[in-house]
Structure formats: structure tokens, C-alpha cells
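Any read-out appearing in this document is the output of simple, stated calculations on the displayed coordinates, not a laboratory observation. Note that the coordinates shown come from a computational prediction; the quantities given were computed from them, not determined experimentally. All Cβ positions, glycine included, derive from the backbone under ideal geometry; neighbour counts span all protein chains shown.
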């Protein structure tokens, strides 16, 4: 009596599923190598540098947690930079979402020249940050700027020194941030136009007025996009650099000393690269923690289609 031979099991790379997986990995290998070399590699290196005293001009010397101890106990400018950036984020992130969403609601209406207005409100978001900074430096220039000229025309003879006073410098940069509020316009418009009209019809049948339709239909169904732009706003607000660097250079009296500007000073102006690496990791931890916090609490407010 003979028995059938047991079929030999093929190696995974010779199976159909294995060949498909191998082809996929080969296809993404250029990106994967680039990510490992220019993403993961520098992050691991900066983690090591954060534990050292490193001035670029000499070899790094391992110091353990000295950089972090210095930040939290002896560096007053670290606390100032964190405070300025935190205040800026608390004000500009919700304000940017509200203004951007409001513009999208207006531009979602049927009106003449709609393409022109959509392009006009979105265009500032793609203007280079350096050009925007110089533009606002002129607009808010003390005495001869456009803003002061308008105020003097309406009878205000002594307008504030926008970027030159500790009271007005940070609020002026907050106003500047609204220049790019139309950056999320495309996402907002796509989400608004994706709301089924049948839901509005059903809301009308139930007696909902315009506000009721907006609050109970529009907001819930566009909430995923609002969440995304809110998180991106948090990330961007903690990385503000260009406007403060060009217009105020952190002044006056460190009133606009943003965190990334302070990191730049330590790393590239004072050549304390080890300390700057520590600052960068603290920034990463803050942004990561805030992102996780927002995502964990978003289930109460965000409605996903199909739920």
C-alpha cells in the first residue's frame, strides 16, 4: 500500500502572497531608505546629542541629563519661549479654524465670481512666509505703515507701535497668522459639499431652522476635517519661526521669542547644538502629547460617516 507524498511547503518569497509583498517592498524601498537615512537616522542622532555638550566645532561630550536639568531649573528664556508659544497657540489655533471654516461657509454659497473669491482667499496660504513677513512689516510699520495711516485718517493720531512694543508685538503676529487662514479652504469646501442634501431636507421636515441645520447637520458631518485642521494648527503654531525671525527677532524684550526661534539661537547662533537637540526633543514631546490628547478626546465631538 502506497501513501501520497506530502507536498513540500514553499518558502514565503516563492508563494503568490510573498511575491506580491516582496514586489511592494522593492517598490517603496527608495522612500523607505530615504526615511531611514533622513528621518529616523537624524532623530536618533539628535537624541544622542541631547545628552551631550556639543558645539559643532568640537566632538560631543556626554553629559547625561544636564541639558534638561538646565532647561527646567536655570534657563529663564526656555520658560519665556514656551509661554510665548503657548499663548500664541491658544489664541491662533481656534481663531484660525473659526475664520477658515467661516470663509468656507461663505464660499460654499451660490454667487457670481465664486472661483475668483475662492482663489483669492486661498492664495495667501501659498505665498512664501518670507514675503508675507516683509509685507506685514510694512503694513504695521510705526508711523509710516499702512495700518497707522488708516488709523490716522479716522482720527487716531497716536497709533500703537505694533511690532516695537511688548504689549502689541505678539497680538500683531497673531493677526499675521490669519493671513493664511484660507489654507484649509479646499478641505473645508470638500467636506461641506460632501454633506448629503437629503439630511438638510430631513432636518427641515423636523422643523429645524438654518441654525439648527448648521449645528445638527453641517458641523457633525464636517467635524473630521475640523479635527484635522485643528491638529495641524497645533503643530504649525508650535513651529512658528519665519515671521518672528524676520520682523521682530524675538523682541522687544523677548516678547515674541517663539520656541523654535530660541532653538535656532541656541543651535546656530550660540553653537550649543547639544542643548538645541534637547530643546527639539522637548518640543516633539509637547506636540506629540497634545496630538494624542486631542485625538483621545475627539470621540465626544467628531462624527464619522457610518457610525
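Separation of segment 225-265 and segment 110-133, taken as the distance between their Cα centroids, equals 22 angstrom. Based on Cα contacts under 8 Å between residues 6+ apart, segment 1-140 shows a relative contact order of 7 percent.
At 10 °C and 1.306 mPa s, grab the translational diffusion coefficient of segment 79-120 from Stokes-Einstein with a Kirkwood Rh over Cα pairs, rounded to a whole number in µm² per second. Numbers along the way, then the final one.
Details: Rh = 12.3 Å.
The calculation lands on 129 µm²/s.
Simple spin-label model, 7 Å along Cα-to-Cβ: residue 28 to residue 114 in nm? Using points 7 Å along Cα→Cβ, the separation is 3.8 nm.
State the extension gain, in nm to one decimal, for the chain segment bounded by residue 271 and residue 209, taking 0.36 nm per residue of separation less the distance between their alpha-carbons. Don't jump to the answer; show the numbers that get you there.
Details: separation 62, 0.36 × 62 = 22.32 nm, distance 6.13 nm.
Gain in length upon complete extension: 16.2 nm.
With the convex hull of its Cα atoms as the shape, segment 146-230 has an orientation-averaged projected area of 8.8 nm². In the frame of its principal axes, segment 169-307 has Cα extents of 66, 29, 21 Å, reported largest first. Between residue 74 and residue 45, the FRET efficiency from the beta-carbon distance, with R0 = 22 Å, is close to 0.30.
Between residue 198 and residue 59, what FRET efficiency follows from the Cβ-Cβ distance if R0 is 51 Å, with the result rounded to 0.05? With R0 = 51 Å, the Cβ-Cβ based efficiency is 0.15. Here the spin labels are modelled as points 7 Å beyond Cα on the Cα-Cβ line, and at residue 131 and residue 288 they lie 3.7 nm apart.
Kindly put 84, 61 in sequence by how many other C-beta atoms sit within 10 Å of each C-beta, fewest to most. Could the numbers behind the result be given before it?
On the way: 84 24, 61 10.
The fewest-first ordering by Cβ neighbours comes to 61, 84.
Start at zero, step by 10 Å, and the Cα-Cα distances of segment 241-307 spread as 19, 31, 24, 16, 9, 1 percent across the bins.
GNM remark for the chain: springs join alpha carbons under 10 Å apart, and the peak mean-square fluctuation among 117, 12, 31 falls on 12.
Of all the options 23, 137, 147, the one that moves most in a Gaussian network model of the chain with Cα springs shorter than 10 angstrom is 23.
Full extension of the chain between residue 38 and residue 165 gives 41.7 nm of extra length, using 0.36 nm per residue less the Cα-Cα distance. FRET efficiency for the pair residue 216 and residue 178, taken as 1/(1 + (r/R0)^6) with r the Cβ-Cβ distance and R0 = 30 Å, rounds to 0.60.
For segment 183-257, the calculated P(r) over all alpha carbon pairs, in 10 Å bins from 0 to the bin holding the longest distance, is 17, 30, 21, 16, 12, 5 percent.
Sort largest first and round to whole Å: the equivalent ellipsoid semi-axes of the chain, each the square root of five times a Cα gyration tensor eigenvalue. Mind showing how you got there, number by number?
Working: eigenvalues 357, 273, 63 Å².
With the √(5λ) rule applied to the chain, the semi-axes are 42, 37, 18 Å.
In whole percents, the pair-distance distribution calculated for segment 2-119 from its alpha-carbon pairs, binned every 5 Å from zero, is 2, 8, 7, 7, 8, 8, 9, 9, 10, 10, 9, 5, 3, 2, 2, 1, 0, 0. Put in order of Cβ neighbour count within 10 Å, fewest first, the listed residues 230, 62, 258 become 62, 230, 258.
The alpha carbon radius of gyration of segment 94-178, expressed as a multiple of 2.2 N^0.38 Å, is 1.32.
Using only helices, what value at 222 nm comes out for the chain when you add -39,500 (n - 2.57) per DSSP H run of length 4 or more and divide by the total residues, to the nearest 500 deg cm²/dmol? Don't jump to the answer; show the numbers that get you there.
On the way: 14 runs with 178 residues, N = 307.
Theoretical 222 nm ellipticity from helices: -18500 deg cm²/dmol.
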